[in-house]
Amino acid sequence: MRTYIKDLEVKKGEVVTINCWIDVRRDQGKLIFLDFRDMTGYVQGVVLPSKTEEGIATMATASKLRSEWVVEITGKVNPRPDKNIQTDKQNGSIELEVLGIVVINEAATPPIDVHTDGREIGEESRLTYRYLDLRRPRLQKNFRVRSAVTMFVRNWLTKEGFIEIETPLLTKFTHDGARGFLVPSRLENGKFYALPQSPQQYKQLLMVSGFEKYFQIARCLRDEDSRGDRQPEFTQLDMEMSFVNREDVMALNEKLLIELVKTITPEKKIQEIPFPRFTYKEAMEKYNSDKPDIRTDKTDPNLLAFCWVTDFPFFEKTDTDGWTFSHNPFSAPKPEHMNMLMNKENVADILTTQYDIVLNGFEAGGGSIRNHNPAALRKVLEIMGYDEAKIHSGFGHMLEALGYGAPSHGGIAWGLDRVMAILQNEPNIREVIAFAKTGEGRELMMESPSEVSKGQLEELGLMVKESKKIK
Ligand code: ASP
């Protein structure tokens, strides 16, 4: 039976079998040292000279082994002599005396070194060979911590009475945010699905359905121009609650963040609890930023400075002198500004219930209390100059749904990749996304986006313009 490397230290004197990779091989002539690696860690092995037939065969196999070969090793767990004990290392008090080797698979020399932290390797190579890149301990740790974070959040929210509900990826284009990806329909040529920029509308509809407390670790897709540290697909921790006000959502999220940090990354220190709050106006006046980095010591990698920013203007001017929403068209205005919205007066002065959670100068999340009254949502759309046809096609379902007894509700979404990158001291979110795309939205390992055959296009009723074809 297989023993995991992490469990070897308590098996001194026993003969065990491990399944693993060869991390490093050091041939010292008479002895061969092998560092073995599995998902649980590392152990040093040694092949000792032996005159038995089996021993000679094992030595012969060991001399062929190279880094990254996959093997099954039978060996005896020997205590190390006192002078060789390394207390700071996993399995530093033992050594595995290799008695038998089965080669499960050989490995070509990896095109990138997987033993370093990888920061010295060009990102194109790392992303092209991502499945190898992910072998490096730094990335292994990033994804194990990420999994611990999502598990913690799931358990925590479930205890609070939330349920996780999946919402569709194939949805409808509605003019509610950034540019969306379109998916052509084969069954109805000329029609398109849109991939969701967030589960915003669905989560509100789930409130209409009476679930009251929803969350989802949700994939969001936005077809935005490449902007440094953005990805066309990213993950949100998305949630929505009924019968809440702004304070309720903020308090719940603040508590969750504090308990998450204490449990999963106890080495981190939160600068100030309760999290400081700034209105948008204060943040701009004091820090000239709506996501201020308020860390008192920017050299400390373990300092987490959270703050809330609230009271954003609801609308901002478009290039053509119209109005658009600054954050989210479904937001409610601050209660004391509801009259201005309903009368479409002093549009520039209307403030939204939007709250953003900022962490070390990055927007880690944002949300708002929504307009549960369909008439108020309609006013927002009218202020933005949407005509009846656009309102009907993009928002008719929401307006209708809100008319069937919608509870008051609000929510938030965290940019989970961003939060993970900061918790892991990573400079960009690609380090916490397993199969990340480049800043230009290309996936180098499988090479997407890619061209498709004429037949596939025909089936979808599509033609690619000659001038747009990639030469
Ligand atoms: N759907 C919003 C977003 O993606 C978040 C929210 O308001 O809950 O930014």
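Points worth noting:
- Taking the Cα centre of the range 1-55 as origin and assigning +1 to Lys and Arg Cβ atoms and -1 to Asp and Glu Cβ atoms, the resulting dipole is close to 100 debye.
- Cα centroid separation, the range 329-353 to the range 117-195: 34 Å.
- Restriction of the GluC sites (Glu not before Pro) in the range 280-359 to DSSP coil positions whose beta-carbon has at most 12 other beta-carbons within 10 angstrom yields GLU345.
- Residue among LEU8, CYS220, PRO335 farthest towards the positive dipole end of the chain, charges placed on Cβ: LEU8
- Put a plus charge on the Cβ of each Lys and Arg, a minus charge on the Cβ of each Asp and Glu, and nothing anywhere else: the dipole of the chain about its Cα centre is then about 920 debye.
- Pairs of Cα atoms nearer than 8 Å and 6+ residues apart set the relative contact order; for the chain it is 13 percent.
- Here's the list of lysines a cross-link from LYS379 could span, going by alpha-carbon distance under 20 Å and ignoring same-chain residues fewer than 8 apart: LYS317, LYS334, LYS344, LYS390.
- Both radii come from the Cα set of the chain: Rg as radius of gyration, Rh as Kirkwood radius; their ratio Rg/Rh reads 1.07.
- Net length gained if the chain between GLN456 and ALA108 were fully extended (0.36 nm per residue, minus Cα distance): 121.7 nm
- Using the 1.4 Å probe convention, the accessible area of the range 99-254 works out to 52 Å² per residue with neighbouring protein chains retained.
- Spatially proximal lysines relative to LYS159 (Cα-Cα < 24 Å; intrachain offsets below 8 disregarded): LYS203, LYS213, LYS255, LYS262
- Heavy-atom accessible surface of the chain: percent carbon and sulfur, 1.4 Å: 52
- Taking every protein chain into account, the accessible area of the range 396-471 amounts to 56 square angstrom per residue (probe 1.4 Å).
- Efficiency of FRET between ILE258 and LEU399 - r from beta-carbon atoms, R0 35 angstrom, step 0.05: 0.40
- Straight-line cross-link partners of LYS465 among the lysines, defined as a Cα under 21 Å from its Cα and at least 8 positions apart when in the same chain: LYS191, LYS454.
- The range 121-275 - charge dipole about Cα centre, Lys and Arg +1 at Cβ, Asp and Glu -1, debye rounded to 20: 660
The values are calculated or read from the model by the stated rules, or taken from the named source; none is laboratory data. Small disclaimer: the values here were computed from a predicted structure and weren't measured. Reconstructed Cβ throughout: ideal geometry from the backbone, glycine too, with neighbour counts over all protein chains shown. All accessible areas refer to the heavy atoms of the entire protein, side chains included, with ligands and DNA or RNA removed. Shrake-Rupley method; radii C 1.70, N 1.55, O 1.52, S 1.80 Å.
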